[in-house]
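The values are calculated or read from the model by the stated rules, or taken from the named source; none is laboratory data. Just so we're clear, the structure is a prediction, and the values are computed from it rather than from any experiment. Backbone-built Cβ (ideal geometry, glycine too); neighbour counts: all protein chains shown. Just so you know, the surface numbers come from the protein's heavy atoms only, side chains and all, with ligands and any DNA or RNA stripped out. Shrake-Rupley method; radii C 1.70, N 1.55, O 1.52, S 1.80 Å.
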Amino acid sequence: MQKLIFERVYTGHEWLSNQAISIEDGLINSLHNEVGGISDGFLVPGFIDLQVYGGGGLLFSNHQTEAAIQATFDEHVKTGTVAFQITLNCSPKQSMWSAIEACKSYIGKGLVGLHLEGPFFNPIKRGAHTEAFVQEPTREFVQEIIDRTQGLPTYMTIAPEMFAPEDLNLLKNSHIMCSMGHSDATYEQAQQAGISRITHLFNAMSQWQSRSLGLVGASFRSDAWTSIIADGLHCDFESLRLAKQLKGEKLFLITDAVTHDESGPYIFTKNGIRFTNEAGVLSGSALTMDEAIRNCVQKAGISLEEAVRMSTVYPAEVANLVNLGSIGAGKRACFVHFSDDLHVKQVWYDGEALIN
């Protein structure tokens, strides 16, 4: 039996003082009161990122391999991310099939699913994704994706207006978690789609205007889970503040993080704090989850507790990760030791300390 003792623990739901966390076989066995713990900083649940494209110089869209998944974990765990959905840019079929197989065969740490961002986009909202890779959602293609991803938790960003109603229903009624994004859907189309997730609010979607609410307005008028990139580039911090006020507990954090990799069809170059593609279009981010939390607290006026929930409790609910996202008996022993100024000091993954 392993034991961690902290003077301050935020479970994702409440603050606890002087807590001893007993760990057995990678799971939390119990919590009880005990003095003499670590007093520097505090403990929070490990972070969950449902949209990250790679790490360590290996972009998954260029390398659909287990090595790219491992490199992503190795880089992002340093900033507190213990669980992630590896994300594939809009890609040809063969790359999609390779990505699915890589995820199914991966036996390393951190992976909790595959996020297919595309290929069923509205081309005019493709952003930095390659237009040639945007594809039509035919019945046969949709069914093949459903069949190939059986047994693999799969999240898929789609433009609902590009689907025939029967094909959209086929996808929605499958095991795949659908999210609206890279879409020019009207407010009415978004409402009618009946999809309870929205990808990177404000970016690559129809905007909220006085006579046309678009997908942004549909997010604000619904209880759809909505992700946001809190880097100050994809949206202003005042927009983040307003989005939080309007969406409440239905807004969660993603990094949308990419990595510098010139070995494939997607080449993103880092310029200061941003990544751009060859055309100069903003392409993913250089954000880390701990930085996203700091930005929420320090630049958007969001409470620390709520910022932590946006990176733990809420994404766990979005992706049905019942054993992650909070600290409690029976949960996986995945924690972040945060300093008082919100920097990562240590990360535990199933009870194992990972930062030397």
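Couple of notes before you dig in:
- Within the accessible area of the range 260-356 (1.4 Å probe), percent carbon and sulfur: 47
- For the chain, the spread of Cα coordinates along the three principal axes comes to 61, 46, 41 Å, biggest extent given first.
- Computed lengthening from Lys93 to Gln209, 0.36 nm per intervening residue step minus Cα-Cα distance: 38.2 nm
- Whether the range 171-243 is rounded, prolate or oblate, judged on the alpha carbon gyration tensor where a/c under 1.5 counts as rounded: oblate
- Accessible surface, the chain, averaged per residue in Å² (probe 1.4 Å): 39
- Between His32 and Gln192, the modelled labels are 6.0 nm apart [label points 7 Å from Cα along Cα→Cβ].
- Anisotropy class of the range 67-129 from Cα gyration tensor, a/c 1.5 cut: oblate
- Across Ile38, Ile293, Ile327, mean-square fluctuation computed from a Gaussian network of the chain (C-alpha pairs under 10 Å connected) peaks at Ile38.
- Remark: spin-label model distance Asp341-Asp25 equals 4.3 nm, labels positioned 7 Å along the Cα→Cβ axis.
- Of the GluC sites (Glu not before Pro) found in the range 278-328, those in coil by DSSP whose Cβ has at most 14 other Cβ atoms within 10 Å are Glu278.
- Here the chain carries DSSP beta bridges of which approximately 50% are antiparallel, counting only pairs with both residues inside.
- Global geometry of the range 144-296, whether rounded, prolate or oblate, following the gyration tensor of its Cα atoms and the 1.5 cut on a/c: oblate
- Antiparallel content of DSSP bridges confined to the range 216-356, in %, to 5: 65
- For the chain, built as a Gaussian network whose Cα springs stay under 10 Å, the top-fluctuating residue of Arg274, Arg294, Arg148: Arg148
- Net length gained if the chain between Ile124 and Lys104 were fully extended (0.36 nm per residue, minus Cα distance): 4.0 nm
- Stretching Ser222 away from Arg241 to a fully extended chain increases their span by 5.1 nm, per 0.36 nm per residue minus the current alpha-carbon distance.
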